[in-house]
Amino acid sequence: MSEKAPLLLLPGLLCDARLWAHQVETLADLAAITVADLTLDDSMEALAGRVLAAAPERFALAGLSMGGYVAQQIMRMAPERVTRLALVDTSALADTPEQTERRQGFINQVQHGEFKGVTSRLLPMLVHKQRLDDAALTGTVTEMAETVGKDAFIRQQTAIMGRRDGRADLAHVDCPTLVLCGRQDALTPLGVHQEMTDAIPAAALVVIEDCGHLAPLERPRAVSAAMRYWLQV
């Protein structure tokens, strides 16, 4: 039996390995899977460098949201090491001034008060409205945030604010690429993913119906099915 190909999974802001639990379980027959820790650095370059330092020489790479930003930085730093790429509920755009101001406001609140993680007020931005009563789903989201904690949250937001606009870099991605998003993703809408798909020469767009920003958690079977096909292309 041939050796399984390495697959690195990159979580989003305030997320950990639980985001990818279904994919880790159901794709284990195809890939040797590692979920990276993206809590220790405050720049995209440092986050990508840490992932690369621990990674095998060649690997498939998938990232959600902030993890997608890190994945794009890895493609800028070491494209020859990535065999296939999946950009999930993410964007190639830099922060707008309004987004940066909002993130800085969150950081200021955390520095001067209690860290609240993902609250009921924020959940509608992360998951489809029909899933807000799903206690298991929302519980996982809030528990991940509590585990990541306030210090890592500040580092992650700082890295996100400092990321570059990567749209021009997408034309240089030459490996098989999956661009996947929930149709109702409120944070990185479908149009952003269509733009990335159009810019990457070997990209395919998959849209998950009735799904928000956290597709691997919200619609795990659909996401795992799309990734299974991507891993075998």
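Laboratory data are not the source of any read-out in this text; all were calculated from the coordinates shown. All values derive from a computational prediction rather than experimental measurement. We place every Cβ from the backbone using ideal geometry, glycine too, and count neighbours over all the protein chains shown.
Only one of (i) 18.8, 57; (ii) 16.5, 56; (iii) 17.6, 62 was calculated from the structure for Rg and Dmax of the Cα atoms in Å, and its label is (ii).
The simple Förster model, with R0 at 30 Å and r as the Cβ-Cβ distance, assigns residue 81 and residue 21 a FRET efficiency of 0.70. Out of 72, 157, 99, any idea which swings most in a Gaussian network model of the chain, alpha carbons joined below 10 Å? Per the Cα network of the chain with a 10 Å cutoff, 99 tops the list.
Descending by average beta-carbon neighbour count within 10 Å, the peptides 87-94, 127-134 line up as 87-94, 127-134, the highest first.
If contacts are Cα pairs under 8 angstrom and at least 6 residues apart, what is the relative contact order of the chain in percent? Relative contact order comes out at 25 percent. With R₀ fixed at 22 Å, the C-beta to C-beta distance from residue 58 to residue 172 puts the FRET efficiency at about 0.80.
Relative to one another, the C-alpha centroids of segment 74-92 and segment 35-57 are positioned 13 Å apart. Overall, segment 50-152 carries a charge dipole of about 240 debye about its Cα centre when +1 sits on the Cβ of Lys and Arg and -1 on the Cβ of Asp and Glu, all other atoms neutral.
One decimal place: the segment residue 129-residue 210 gains 28.3 nm when fully extended, by the rule 0.36 nm per residue minus the C-alpha distance. Each helix, a run of at least 4 DSSP H residues, gives -39500 (n - 2.57); summed and divided by the residues of the chain, these come to -13500 deg cm²/dmol at 222 nm. A Cβ-based charge dipole, computed about the Cα centre of segment 86-233 with Lys and Arg at +1 and Asp and Glu at -1, lands at about 160 debye.
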